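As structure tokens, the structure follows; a few thoughts come after it.
The values are calculated or read from the model by the stated rules, or taken from the named source; none is laboratory data. These figures come from a predicted structure and were not determined experimentally. Reconstructed Cβ throughout: ideal geometry from the backbone, glycine too, with neighbour counts over all protein chains shown. What goes into the accessible areas is simple: the full protein's heavy atoms, side chains included, and nothing from ligands, DNA or RNA. Shrake-Rupley method; radii C 1.70, N 1.55, O 1.52, S 1.80 Å.
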Amino acid sequence: MTFYTAALLCLALTSVNSLNHSLTTIPDFIHVCKRNDPQVETCIRNSIEELRPYLRRGIPELKVPSLEPLVIKELVAAEGSGLKITTENLKVHGCANFTLVKLNVNLKTHQYQFNIKLPHLVLDGRYVIDGRVLLIPIRGKGRLTGDIFNAKANVTLGGLIVKRKGEEYLHYNKMTIKIKVVQGQLHLANLFGGEAVLGEVINSAINANFEQFINELRPIIEKALAKFMLESADGIASSFPYKDLFPL
């Protein structure tokens, strides 16, 4: 469940939030891409690669946190069937090692589609879980650790231009996310109040059916993280005039 956070935030922070934002003066490390550039997708790809070392340590002036590690203070996901998951102070290592596989940009309609791969994510944080997964009741709170290998994420982001005080701003208003992960392992410490034998049985069942376990959680986590990611992207984009974000 926590792998989703890493994948989505890597996408948001590298492919959207950090491309062309302008302060009073655009920093030298920002490679600006013009909206009428016929090779704008290549330009954006190059911009991302140039930003990679800065993304690792963070860019405070652009409100971009460090990706190594990426720290997620809280993520809450719940669904009608009664499953509820909360993670807090989750540290995700390996996020900056993403590979941008595909990028499609339509600046006329402000639609973006991008795919990334994440070779290895290492997770460490706190969790609270209560509900059923794989028809197994799960309840507990404590430390969560894990490894995720070869994760893939596909994101579609949509926006529109709005006017404020006579100036045009880009407003992101829609995001959909599809994530796939097959290989990995998790360990939830202190399940059922510290019942060691039962806890190990549940952890073994989760890891023996890892893909199915992740698939059951997918809709919950995708919705929760799409909301988180959209707010993050729009918060930065709507802070600057569109002509500064994507000059002619």
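Of note:
- Among the residues of the stretch 120-138, those identified as over 15 Å from the mean Cα position of the chain (by Cα) and either exposed (fewer than 15 other Cβ atoms within 10 Å of the Cβ) or not in a strand (DSSP E or B) (or both) are R132, L134, L135, I136, P137.
- Scanning the stretch 36-68 for residues that are open to solvent by less than 80 Å² (accessible area, probe 1.4 Å), in a loop (DSSP other than H, G, I, E, B) and modelled with pLDDT of 85 or more gives D37, E68.
- Verdict on A12 being surrounded by 21 or more Cβ atoms within 10 Å (Cβ to Cβ), part of a helix (DSSP H, G or I), touching a Cys at 6+ places or on another chain (Cβ under 7 Å) and at pLDDT below 70: no
- The C-beta contact set for the stretch 126-155 (first residue among the hydroxyl-bearing types (S, T, Y), second residue surrounded by 15 or more Cβ atoms within 10 Å (Cβ to Cβ) and assigned to a strand (DSSP E or B), distance under 6 angstrom, 6+ apart or interchain) comprises Y127/T87; Y127/L144; T145/D124; T145/H187.
- Residue within the stretch 80-87 that is free of Cβ contacts under 8 Å to residues at least 40 places away in the same chain, exposed (fewer than 15 other Cβ atoms within 10 Å of the Cβ), closer than 17 Å to E222 by Cα and not aliphatic (A, V, I, L, M) present: yes
- Of everything in the stretch 177-201 that is among the β-branched types (V, I, T) and at pLDDT 90 or above, the residue that is surrounded by the most Cβ atoms within 10 Å (Cβ to Cβ) is V201.
- Some residue of the stretch 155-164 being open to solvent by less than 80 Å² (accessible area, probe 1.4 Å) and under 20 Å from Q212 (Cα atoms): no
- Residue under evaluation R143, criteria (1) more than 30 Å from G235 (Cβ to Cβ); (2) among the basic types (K, R); (3) surrounded by 15 or more Cβ atoms within 10 Å (Cβ to Cβ), criterion not met: (3)
- Considering each residue of the stretch 165-188 in turn, at least one proves to be closer than 24 Å to V32 by Cβ and without any contact (Cβ under 8 Å) to a residue 24 or more places away in the chain.
- Count of the stretch 79-117 residues which are in a strand (DSSP E or B) and under 28 Å from H171 (Cα atoms): 15
- Summed over the stretch 141-181, the residues that are within 18 Å of the chain's Cα centre (by Cα) and not in a strand (DSSP E or B) give a count of 1.
- Subset of the stretch 95-119 [under 29 Å from H187 (Cβ atoms) and open to solvent by less than 10 Å² (accessible area, probe 1.4 Å)]: C95, A96, F98, I116, L118
- Answer from E211, E222, E231 - the residue that is in a helix (DSSP H, G or I), free of Cβ contacts under 8 Å to residues at least 40 places away in the same chain and either farther than 24 Å from E74 by Cβ or open to solvent by less than 40 Å² (accessible area, probe 1.4 Å) (or both): E211
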